[in-house]
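Novice: Right, I'll just put the structure down here and ask away after.
The values are calculated or read from the model by the stated rules, or taken from the named source; none is laboratory data. Note that this is a predicted model, so its numbers are computed, not measured. Positions of Cβ are generated from backbone atoms using ideal geometry, with glycine treated the same way; all protein chains shown enter the neighbour counts.
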Amino acid sequence: MHEKRFDGDIDRLRAPERVARLEVQRVISLCLENTNIESVLDIGTGSGLFAQAFALQGLKVSGVDANPAMIPAALQYVPEENFREAVAEALPFSDASFDLAFLGLILHESDAQLQALKEAHRVARHRVCVLEWPYQEAEFGPPLAHRLKTEEVAGLAKEVGFKQWETLPLSNLVLYRLTK
(Lines give C-alpha, C1' and ligand atoms only; values in the text may rest on other atoms or scores of the structure.)
Protein backbone atom coordinates (compact mmCIF):
# COMPACT_ATOMS: atom_id res chain seq x y z
CA MET A 1 0.00 0.00 0.00
CA HIS A 2 1.06 3.57 -0.68
CA GLU A 3 3.60 2.73 -3.36
CA LYS A 4 3.88 6.38 -4.44
CA ARG A 5 4.46 7.82 -0.96
CA PHE A 6 7.48 9.97 -0.20
CA ASP A 7 10.37 7.93 1.15
CA GLY A 8 13.25 10.34 0.58
CA ASP A 9 15.30 12.47 2.93
CA ILE A 10 12.96 14.24 5.37
CA ASP A 11 15.21 17.32 5.46
CA ARG A 12 14.62 17.73 1.72
CA LEU A 13 10.97 18.55 2.50
CA ARG A 14 12.13 21.81 4.08
CA ALA A 15 14.82 22.75 1.58
CA PRO A 16 14.55 26.53 0.97
CA GLU A 17 14.00 26.18 -2.81
CA ARG A 18 11.20 23.62 -2.24
CA VAL A 19 9.55 25.77 0.43
CA ALA A 20 9.65 28.79 -1.92
CA ARG A 21 7.91 26.77 -4.66
CA LEU A 22 5.15 25.77 -2.23
CA GLU A 23 4.11 29.38 -1.53
CA VAL A 24 3.18 28.33 2.01
CA GLN A 25 1.80 31.67 3.22
CA ARG A 26 -0.28 32.20 0.09
CA VAL A 27 -1.70 28.66 0.39
CA ILE A 28 -2.58 29.22 4.05
CA SER A 29 -4.30 32.53 3.23
CA LEU A 30 -6.34 30.97 0.42
CA CYS A 31 -7.36 28.04 2.62
CA LEU A 32 -8.60 30.38 5.36
CA GLU A 33 -10.17 32.99 3.09
CA ASN A 34 -13.89 33.77 3.50
CA THR A 35 -14.58 31.26 6.25
CA ASN A 36 -14.18 30.94 10.01
CA ILE A 37 -11.52 28.29 10.65
CA GLU A 38 -10.30 27.42 14.15
CA SER A 39 -9.08 23.82 13.69
CA VAL A 40 -7.18 22.07 10.90
CA LEU A 41 -6.27 18.50 10.08
CA ASP A 42 -3.10 18.32 7.96
CA ILE A 43 -3.42 15.03 6.07
CA GLY A 44 -0.03 13.78 4.89
CA THR A 45 1.71 16.27 7.16
CA GLY A 46 5.25 15.19 6.32
CA SER A 47 7.67 17.33 8.30
CA GLY A 48 4.78 19.54 9.45
CA LEU A 49 5.59 22.48 7.17
CA PHE A 50 1.94 23.42 6.57
CA ALA A 51 0.88 22.35 10.07
CA GLN A 52 3.43 24.78 11.46
CA ALA A 53 2.15 27.58 9.23
CA PHE A 54 -1.47 26.93 10.28
CA ALA A 55 -0.41 26.85 13.95
CA LEU A 56 1.35 30.20 13.55
CA GLN A 57 -2.07 31.59 12.54
CA GLY A 58 -3.32 30.64 16.02
CA LEU A 59 -5.23 27.56 14.82
CA LYS A 60 -5.54 24.22 16.59
CA VAL A 61 -3.72 21.75 14.34
CA SER A 62 -3.59 17.98 14.13
CA GLY A 63 -1.73 15.98 11.53
CA VAL A 64 -1.47 12.47 10.14
CA ASP A 65 1.07 10.76 7.92
CA ALA A 66 1.37 7.21 6.60
CA ASN A 67 5.13 7.28 7.10
CA PRO A 68 5.94 6.76 10.82
CA ALA A 69 9.25 8.63 10.45
CA MET A 70 7.34 11.82 9.67
CA ILE A 71 5.61 12.06 13.06
CA PRO A 72 8.72 12.92 15.12
CA ALA A 73 9.86 15.23 12.31
CA ALA A 74 6.59 17.18 12.48
CA LEU A 75 6.68 17.27 16.29
CA GLN A 76 10.15 18.78 16.08
CA TYR A 77 8.63 21.89 14.42
CA VAL A 78 5.18 21.90 16.05
CA PRO A 79 5.65 20.17 19.42
CA GLU A 80 2.40 21.39 20.99
CA GLU A 81 0.16 19.78 18.36
CA ASN A 82 -1.31 16.30 17.84
CA PHE A 83 0.32 14.10 15.18
CA ARG A 84 -0.52 10.46 14.46
CA GLU A 85 0.44 7.75 12.04
CA ALA A 86 -2.52 7.14 9.73
CA VAL A 87 -3.41 6.88 6.07
CA ALA A 88 -5.59 9.40 4.25
CA GLU A 89 -8.07 6.67 3.37
CA ALA A 90 -8.82 5.82 7.04
CA LEU A 91 -8.58 8.87 9.29
CA PRO A 92 -8.74 8.13 13.05
CA PHE A 93 -11.10 11.02 13.87
CA SER A 94 -14.84 11.46 14.34
CA ASP A 95 -17.09 13.08 11.75
CA ALA A 96 -16.80 16.88 11.56
CA SER A 97 -13.83 16.99 13.95
CA PHE A 98 -12.09 19.88 12.15
CA ASP A 99 -13.17 23.07 10.44
CA LEU A 100 -10.67 22.44 7.61
CA ALA A 101 -9.00 19.32 6.25
CA PHE A 102 -5.86 20.06 4.23
CA LEU A 103 -4.15 17.64 1.84
CA GLY A 104 -0.80 19.11 0.84
CA LEU A 105 0.68 17.27 -2.15
CA ILE A 106 -0.77 14.00 -0.93
CA LEU A 107 -3.88 13.17 -2.97
CA HIS A 108 -1.80 12.12 -5.98
CA GLU A 109 0.08 9.70 -3.69
CA SER A 110 -3.06 8.04 -2.39
CA ASP A 111 -3.81 4.50 -3.52
CA ALA A 112 -7.55 5.25 -3.32
CA GLN A 113 -8.06 8.92 -4.13
CA LEU A 114 -11.85 8.82 -3.89
CA GLN A 115 -11.69 7.21 -0.44
CA ALA A 116 -9.06 9.72 0.73
CA LEU A 117 -11.26 12.63 -0.36
CA LYS A 118 -14.33 11.00 1.24
CA GLU A 119 -12.43 10.76 4.53
CA ALA A 120 -11.33 14.40 4.32
CA HIS A 121 -14.95 15.38 3.62
CA ARG A 122 -16.13 13.28 6.58
CA VAL A 123 -13.79 14.85 9.16
CA ALA A 124 -14.17 18.45 7.89
CA ARG A 125 -16.98 20.72 9.05
CA HIS A 126 -16.62 23.44 6.43
CA ARG A 127 -13.88 23.06 3.85
CA VAL A 128 -11.28 20.75 2.35
CA CYS A 129 -8.26 22.20 0.56
CA VAL A 130 -6.18 20.05 -1.77
CA LEU A 131 -2.78 21.33 -2.86
CA GLU A 132 -1.46 19.49 -5.91
CA TRP A 133 1.04 19.62 -8.73
CA PRO A 134 -0.37 20.88 -12.01
CA TYR A 135 -0.88 18.27 -14.71
CA GLN A 136 2.19 19.16 -16.76
CA GLU A 137 5.78 18.03 -17.14
CA ALA A 138 8.11 19.92 -14.82
CA GLU A 139 11.68 19.69 -13.63
CA PHE A 140 10.47 19.23 -10.05
CA GLY A 141 7.74 17.20 -8.41
CA PRO A 142 6.42 13.75 -9.34
CA PRO A 143 6.31 12.32 -12.84
CA LEU A 144 3.33 13.27 -15.02
CA ALA A 145 1.80 9.79 -14.54
CA HIS A 146 1.41 10.55 -10.80
CA ARG A 147 -0.15 14.00 -11.26
CA LEU A 148 -3.89 14.67 -11.27
CA LYS A 149 -5.81 16.49 -13.97
CA THR A 150 -8.08 19.32 -12.85
CA GLU A 151 -11.05 17.40 -14.27
CA GLU A 152 -10.15 14.38 -12.14
CA VAL A 153 -10.14 16.41 -8.93
CA ALA A 154 -13.42 18.12 -9.90
CA GLY A 155 -14.96 14.72 -10.67
CA LEU A 156 -13.86 13.35 -7.30
CA ALA A 157 -15.20 16.44 -5.50
CA LYS A 158 -18.57 16.06 -7.21
CA GLU A 159 -18.74 12.33 -6.47
CA VAL A 160 -17.88 12.90 -2.80
CA GLY A 161 -20.68 15.46 -2.49
CA PHE A 162 -18.98 18.83 -2.16
CA LYS A 163 -21.40 21.68 -2.90
CA GLN A 164 -18.75 23.88 -4.47
CA TRP A 165 -15.16 23.59 -5.70
CA GLU A 166 -12.71 26.14 -6.94
CA THR A 167 -9.44 25.72 -8.81
CA LEU A 168 -6.89 28.32 -7.72
CA PRO A 169 -3.71 28.24 -9.85
CA LEU A 170 -0.52 29.21 -8.06
CA SER A 171 2.94 29.86 -9.50
CA ASN A 172 4.02 26.19 -9.32
CA LEU A 173 1.04 24.34 -7.89
CA VAL A 174 -2.77 24.25 -7.90
CA LEU A 175 -4.99 24.66 -4.85
CA TYR A 176 -8.45 23.11 -4.98
CA ARG A 177 -10.82 24.68 -2.44
CA LEU A 178 -13.77 22.39 -1.78
CA THR A 179 -16.77 23.52 0.27
CA LYS A 180 -19.25 21.25 2.00
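Novice: Within the range 82-138, which residues are more than 18 Å from Gly46 (Cα to Cα), out of contact with any Leu (no Cβ under 7 Å at 6 or more places or on another chain) and among the acidic types (Asp, Glu)?
Specialist: Result: Asp95, Asp99.
Novice: What residue, among those in the range 66-100 that are of a type in the set (Ser, Thr, Tyr) and assigned to a loop (DSSP other than H, G, I, E, B), is farthest from the chain's Cα centre (by Cα)?
Specialist: Ser94
Novice: Hey, among the residues in the range 151-180 that are assigned to a strand (DSSP E or B) and of a type in the set (Phe, Trp, Tyr), which one's farthest from Cys31 (Cα to Cα)?
Specialist: Here the answer is Trp165.
Every residue, every condition in (1) modelled with pLDDT of 85 or more; (2) surrounded by 16 or more Cβ atoms within 10 Å (Cβ to Cβ), yes or no:
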{"residue": "Asp11", "(1), (2)": "no, no"}
{"residue": "Gln25", "(1), (2)": "yes, no"}
{"residue": "Ser29", "(1), (2)": "yes, no"}
{"residue": "Glu33", "(1), (2)": "yes, no"}
{"residue": "Glu38", "(1), (2)": "yes, no"}
{"residue": "Ile43", "(1), (2)": "yes, yes"}
{"residue": "Gly48", "(1), (2)": "yes, yes"}
{"residue": "Ala53", "(1), (2)": "yes, yes"}
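Novice: Among the residues of the range 111-131, write down those that are crowded, with 24+ Cβ neighbours inside 10 Å and closer than 14 Å to Glu152 by Cβ.
Specialist: Taking the range 111-131 first, the residues crowded, with 24+ Cβ neighbours inside 10 Å are 116-117, 119-120, 124, 127-131.
Hits for the range 111-131 are Ala116, Leu117, Val130.
Novice: Of the numbered conditions (1) loosely packed, with under 14 Cβ neighbours inside 10 Å; (2) within 15 Å of the chain's Cα centre (by Cα); (3) within 21 Å of Leu22 (Cβ to Cβ), Leu103 satisfies every one except a single condition; which is it?
Specialist: (1)
Novice: Quick check on the range 30-50. Is at least one of its residues aromatic (Phe, Trp, Tyr) and under 25 Å from Thr150 (Cβ atoms)?
Specialist: yes
Novice: While we're looking at this one, here's another question. Is it true that Ser171 is touching a helix residue (DSSP H, G or I) at 6+ places or on another chain (Cβ under 7 Å) and polar (S, T, N, Q)?
Specialist: no
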